[in-house]
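Report on one structure; see the data block that follows.
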Amino acid sequence: MANTDLRELESGLDELERSGEPTRRRRTLAALFPPLVALGAFLLLWHLAAANDWGHKKDYQLPSPGQTWKAAADQWSTGRIQAAVANSLIRGGQGFLAALVVGTALGLLMARVKFVRAAIGPFVSGLQSLPSVAWVPAGIIWFGIGESVMYFVILMGAVPSIANGLLAGIDQVPPLYNRVGRVLGARGFAAIRHVTLPAALPGYLAGLKQGWAFSWRSLMAAEIIAHSSRIGLGLGGYLDDGRVNSDMAVVLSGIIVILAVGIGIELLVFAPVERRVLQRRGLGSRA
Amino acid sequence: MTVEAVNSGPDLQVTRDAVVSLRGVTKAFGRGPVILDRIDLEIAQGEFVCLLGASGCGKSTLLSIVAGLDEPTTGLVEVSGKRPGLMFQEPALFPWLTARQNVELALRLRGVKKAERRLEAERLLELVHLRDSGDKRVHELSGGMRQRVAMARAFAQDSRVLLMDEPFAALDAITRDALHDELVRLRTELALTVVFVTHNVREAVRLGDRVLLMSSRPGRVAREYPISIPQPRRIEAPEVAAIALQITDHLREEIRRHGQH
C-alpha cells in the first residue's frame, strides 16, 4: 500500500476513535448547585431551631444565624478574626512545609531501603491512626506553652500521612513503567527522576492533601489547649476565648471560619493541582 | 503452496552478518523449570523474524534476554550496535507526558541535546504519521495511535534492532492490519532488524521473512519456515493462509504433545 494511502487510512482510524470533550462550564454549574441548596436548607433549619428553642434549654446556647453573623462582624471590626486567621495560617503553613520536607525524605528512605521500611513502616502507619491531639500534653511538658508545641503536634500529625502517601504512590507505579525506563536507558537517579517520581505523583498528592488536613486539625487542637496571651491569637484560641466568655455566637463564628479556611485551602491549593495532574493522565472526573 | 520446514541446528543461517546472535541460551528462574533450552539463533541485518508459539514457550523471556532486561542462565547473547528498542503489548507510554514528550524523553535518556530534541521528536512522529498529534496527552490517543507513538519512542533509541512482544495483540483487526502495513513500510525505510513475538500464526506469516515455531516447556526452536512471499502481503492472501495452515498444524502437534501423559 502506498504511503499516502496508509496515512489517510490511519488518520481516518484515528479520527473515528477519538471521543468528544464535554463542556466544562456546564459541569461546574451542575456541581455547584446541589451544595448551595444544602447550605440554604441548613441555614433555614438553624434559623428555625434558634427561633423555636429546638434542642436547647437556654437562649445563649444557640444564637441565630443573624446573631452569629453580627458577632463575627464585631470581631472582624476589632481585627481579631483577621489576626487569628493570619496567625493560624502562618503556623499551619510553616508546620505543613516542615512536615512535607520530613515526610518526603522519610517516604523516599522507606521506599528505597527495605530494612528501614520493614523496621519503621508499621509504626509510621500506626501513628496515622493516633489522634495527634494526644501529643499536646507531652508537647506542653517538653516545650512549655508556645508555638513549639503547635509545630511539634503538626509534625506528629502530618508526617506519617505524607510519608505513607509517597510510599503508596511509589508502590503503585506499574512495573511496566520501570521496564520501559530500563529499555530506554534510565538507571539510578535518572530512573527515579523521570519514571518513579512522576508516576508516583497522584499518590503523593493524596498524601499531601491528607497531611494538610491533619496539620490543620492538629493545630486547632493545640491552639485550643495551649494558648496564652504571650503568643499570638490563633483560631483555636479564638474558639476557646468564646467558650470562656460563654459567647456561643463567637464560638460558632470561630467554627465557621476554621471550616472555611480548611475548605478554602482545599479548593484554592490542592484541588486545582490535583485536578490538573489527574486530568493530564486521563484520570479522575472531568468536572 | 507448501513450505519446507527445516529443523533448526547450531550450524544454520550464518550467511549474512548476524546482528543478533544467541548461542546455547538456557534460562531457568531459580530452581524452577527450564524456560528456554539451548536456543541457538542468528538474525541477520535487516531480517524480520517472527517467534511463534503457545503460552509458556518462553518467547517473551527470550525477547527480554535479547533486550538485556534478563540474563540467560547459561549461554551467550550478542546484539550489535545500540541497546535495542523494545515494544510491549501495552504501549506503556508515560501518561504524565504528551506524545511528543514521551519521544523526547527517550532522546534525552540517549543523551541528545535539548535544542535538537524537539525537531528530532517531530521527525520521528512524522515517521508514524502522528506529527499533528504531538501535543496530545496519552489518554487522548486511540489504541493504534498509542502503539505508533510507542514505535516512534523505540526509534528514538536510534537502534537498528526493534524487538516487539505481541505489540498489536490488544488492537482491533482493522487497526492491526493498518499497523502491519506501517511496520513493513518502516522496516524497509529504516533498514530495521525486527524480532516479533506473536501467537497469531497469520500475523507471523504476514510479516516475517522467517518464522520460528517454538515448543513449550522447555522452550526450544522446533521448526523454522522461510517465507518468500513478496511484500506487501495481505493477511487475507491465499498464499499467506496456506502457509499459516501448515504452521498451525505443526503448532497443534506441539501443543498436543503436552496433553499426552
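Values quoted throughout were computed directly from the atomic coordinates according to the rules given, and no laboratory measurement underlies them. Small disclaimer: the values here were computed from a predicted structure and weren't measured. Reconstructed Cβ throughout: ideal geometry from the backbone, glycine too, with neighbour counts over all protein chains shown.
Has the stretch B:30-46 got any residue that is among the aliphatic types (A, V, I, L, M) and under 19 Å from A:Val180 (Cα atoms)? No, there is no match, as no residue in the stretch B:30-46 is among the aliphatic types (A, V, I, L, M) and under 19 Å from A:Val180 (Cα atoms). If you go through the stretch A:230-287, how many residues are more than 14 Å from every other protein chain (Cβ to nearest Cβ), in contact (Cβ under 8 Å) with a residue 24 or more places away in the chain and over 20 Å from the mean Cα position of the chain (by Cα)? Residues meeting the conditions: 13. Hey, does the stretch A:256-271 have a residue that's surrounded by 18 or more Cβ atoms within 10 Å (Cβ to Cβ) and within 21 Å of A:Gly66 (Cβ to Cβ)? Checking the stretch A:256-271: at least one residue is surrounded by 18 or more Cβ atoms within 10 Å (Cβ to Cβ) and within 21 Å of A:Gly66 (Cβ to Cβ). Of all residue pairs spaced 6 or more apart or on separate chains, those with beta-carbon atoms under 7 Å, a first member in the stretch A:140-166 that is touching a residue at least 60 places away in the same chain (Cβ under 8 Å) and farther than 19 Å from A:Trp212 by Cβ and a second member that is outside any helix (DSSP H, G or I) and not β-branched (Val, Ile, Thr) are A:Ile140/A:Ala226; A:Ile145/A:Ala226; A:Ile145/A:Ser228; A:Val149/A:Ala226.
Applying a threshold of 7 Å to beta carbon distances and a minimum spacing of six or more residues, or different chains, the list of pairs starting in the stretch B:215-242 at a residue that is over 30 Å from B:Gly24 (Cα atoms) and ending at one that is among the hydrophobic types (A, V, I, L, M, F, W, C) and in a loop (DSSP other than H, G, I, E, B) reads B:Pro232/A:Met1; B:Glu239/B:Met1; B:Glu239/B:Ile229; B:Val240/B:Ile229; B:Ala242/B:Met1. Of all residue pairs spaced 6 or more apart or on separate chains, those with beta-carbon atoms under 9 Å, a first member in the stretch B:84-96 that is under 14 Å from B:Ser60 (Cα atoms) and more than 7 Å from chain A (Cβ to nearest Cβ) and a second member that is surrounded by fewer than 21 Cβ atoms within 10 Å (Cβ to Cβ) and not polar (S, T, N, Q) are B:Gln89/B:Glu166; B:Gln89/B:Ala169; B:Gln89/B:Ala170. The number of residues in the stretch A:65-113 that are within 14 Å of A:Gly165 (Cβ to Cβ) and among the aromatic types (Phe, Trp, Tyr) comes to 1.
Can you tell me which residues in the stretch A:148-173 are under 25 Å from B:Phe94 (Cβ atoms) and either away from every other protein chain (no Cβ under 14 Å) or in contact with an Asp or Glu (Cβ under 9 Å, 6 or more places away or on another chain) (or both)?
A:Ile162, A:Ala163, A:Asn164, A:Gly165, A:Leu166, A:Leu167, A:Ala168, A:Ile170, A:Asp171
Of all the numbered requirements in (1) more than 24 Å from B:Leu192 (Cα to Cα); (2) surrounded by 20 or more Cβ atoms within 10 Å (Cβ to Cβ); (3) within 11 Å of chain A (Cβ to nearest Cβ), B:Ala106 misses one, and that requirement is (1). I want to confirm something. Restricting to the stretch A:195-209 and keeping residues that are at the interface with another protein chain (Cβ under 10 Å from one of its Cβ atoms) and not aliphatic (A, V, I, L, M), which single residue is nearest to A:Leu166 (Cα to Cα)? Among those residues, the one meeting the criterion is A:Pro202. Among the residues that make up the stretch B:241-258, is at least one of them among the β-branched types (Val, Ile, Thr), over 21 Å from B:Ser55 (Cβ atoms) and in a strand (DSSP E or B)? Within the stretch B:241-258 (the criterion being among the β-branched types (Val, Ile, Thr), over 21 Å from B:Ser55 (Cβ atoms) and in a strand (DSSP E or B)), the answer is no, since none of the residues qualifies. (1) touching a Ser or Thr at 6+ places or on another chain (Cβ under 9 Å); (2) within 14 Å of chain B (Cβ to nearest Cβ): which one isn't true of A:Ala72, the others all being true? If we test A:Ala72 against (1) touching a Ser or Thr at 6+ places or on another chain (Cβ under 9 Å); (2) within 14 Å of chain B (Cβ to nearest Cβ), just (2) comes out false.
Taking the conditions exactly as written (more than 13 Å from the chain's Cα centre (by Cα), under 24 Å from B:Arg148 (Cα atoms) and either crowded, with 21+ Cβ neighbours inside 10 Å or within 14 Å of chain A (Cβ to nearest Cβ) (or both)), does B:Leu69 satisfy them or not? Yes, satisfied.
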